[in-house]
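Written below as structure tokens is the structure these notes are about.
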Amino acid sequence: MSAMNIERQKPRDEAIEKIENYIIHNHLKPGDRLPSERSMCDMWDFNRSTLRSAIKQLILEGKIYNKNGSGTYVSGEKLVRNLQDTDGFYQTVKRSGREITTKVVHMDFCETPKNIGRKMKLPLGHKLFRLVRIRYLDGIPVMISTAFLDAERFPGLEALDFENNSLYSLLKERYNVEISGGHEKLSITYCDAQEAGYLEMEEGAPVIYQSGVTMDEKDIVFEYFKEITRSEYICYASELTRR
């Protein structure tokens with residue numbers, strides 16, 4: 001790394017340290033509001049771009065979060081999701097003793113596009129059921145979940161209640177589907193205007209992007225999913241087991 005790059009990073013790192021120390025010295029608790037960007041710039045003599053870069057990094061690390069149009073707040077204890085766990089979000093939240101609610105924002109049928117067809121091993125034009133939901137953790141919108149399911153294998157999906165029931169529980173009860181595993185990828189992205197509106201965040205805020213497929217007990221892919229998750233409320237862990 002060049003000396004120029006190190007110098008360029010110093011103001012942001014210093015701003016991160018100032019914010020973290022402010023939280024500690026002022027005994028701020030989860031949900032407490034930080035001073036405005038202008039106030040923090042004045043307190044520590046940072047320019048706005050340096051401070052915003054520090055705030056973005058701390059949001060990415062899950063230490064603080066933005067409420068759209070309201071300011072920046074201290075994060076609380078995160079919900080941990082194990083990447084090796086076959087349970088869905090609903091079961092994970094219930095197991096933690098916290099409250100989960102769901103709002104369905106879109107349901108329809110679509111034809112299988114090339115990228116999803118390849119992952120689900122379905123031909124182009126095959127009929128899919130698409131379900132888009134906002135998931136709430138303790139009343140806060142934390143995730144936008146989009147699921148694509150084989151409409152021919154699961155007839156009648158459009159009539160089911162996905163707001164008051166777990167998707168995987170319904171698939172097990174109605175269609176005898178047992179989950180055996182899946183494949184998924186995690187990355188960092190930035191929410192667009194619609195996603196920010198759903199999650200009550202500022203447009204361009206960093207979020208976790210997860211996508212993958214879910215398989216049944218016969219290793220047949222039955223779902224392709226995409227999830228946009230607020231990193232200040234949820235983190236992902238991977239358990240390593242020794243064989």
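The values are calculated or read from the model by the stated rules, or taken from the named source; none is laboratory data. If you're wondering where the values come from, they're calculated on a predicted model, not measured in any experiment. Using ideal geometry, Cβ is built from the backbone for each residue, glycine included, and neighbour counts are taken over all protein chains shown. Heads up: the accessible areas ignore ligands, DNA and RNA and are worked out on the full protein's heavy atoms, side chains in. Shrake-Rupley method; radii C 1.70, N 1.55, O 1.52, S 1.80 Å.
Table for the structure above
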quantity	calculated
The listed residue being open to solvent by 50 Å² or more (accessible area, probe 1.4 Å) and out of contact with any Gly (no Cβ under 9 Å at 6 or more places or on another chain), out of Glu217, Glu184, Glu202, Glu195	Glu217
Subset of the range 113-125 [among the hydrophobic types (A, V, I, L, M, F, W, C) and not in a loop (DSSP other than H, G, I, E, B)]	Ile116, Met120
Subset of the range 220-230 [of a type in the set (Lys, Arg) and surrounded by fewer than 20 Cβ atoms within 10 Å (Cβ to Cβ)]	Lys226
Yes/no for Arg52 being part of a helix (DSSP H, G or I), at pLDDT below 90 and of a type in the set (D, E, K, R)	no
Total residues in the range 38-52, condition of a type in the set (Asp, Glu) and either open to solvent by less than 70 Å² (accessible area, probe 1.4 Å) or touching a residue at least 24 places away in the same chain (Cβ under 8 Å) (or both)	0
Evaluation of Gly62 against (1) in a helix (DSSP H, G or I); (2) outside the structural domain of His183 (by the TED database) (one fails), failing number	(1)
Scan of the range 12-37 for residues that are open to solvent by 60 Å² or more (accessible area, probe 1.4 Å) and not in a helix (DSSP H, G or I), ordered by number	Asn26, His27, Lys29, Pro30, Arg33
Those residues of the range 133-150 which are small (Gly, Ala, Ser) and either open to solvent by 10 Å² or more (accessible area, probe 1.4 Å) or on the phi > 0 side of the Ramachandran plot (or both), in sequence order	Gly139
Every pair of residues 6+ apart whose Cβ atoms lie under 7 Å, when the first sits in the range 53-79 and is among the aliphatic types (A, V, I, L, M) while the second is open to solvent by 50 Å² or more (accessible area, probe 1.4 Å)	Ala54/Arg12; Leu60/Ile188; Val74/Lys29; Val74/Pro30; Leu79/Ser96; Leu79/Arg98
Only one of Leu124, Leu167 that is surrounded by fewer than 17 Cβ atoms within 10 Å (Cβ to Cβ), at pLDDT below 95 and closer than 16 Å to Glu223 by Cα	Leu124
Filter pass, Leu34 being under 18 Å from the mean Cα position of the chain (by Cα) and either at pLDDT 85 or above or among the β-branched types (Val, Ile, Thr) (or both)	no
Every residue from the range 92-112 that is outside any strand (DSSP E or B) and open to solvent by 50 Å² or more (accessible area, probe 1.4 Å)	Lys94, Arg95, Ser96, Gly97, Arg98, Glu99
Test set (1) modelled with pLDDT of 95 or more; (2) farther than 16 Å from Val221 by Cβ; (3) open to solvent by less than 70 Å² (accessible area, probe 1.4 Å) - Ile116 fails condition number	(2)
Residues satisfying the stated conditions in the range 127-145, i.e. in contact (Cβ under 8 Å) with a residue 24 or more places away in the chain and either closer than 22 Å to Ile220 by Cα or among the charged types (D, E, K, R) (or both)	Lys127, Phe129, Arg130, Leu131, Arg133, Arg135, Asp138, Ser145
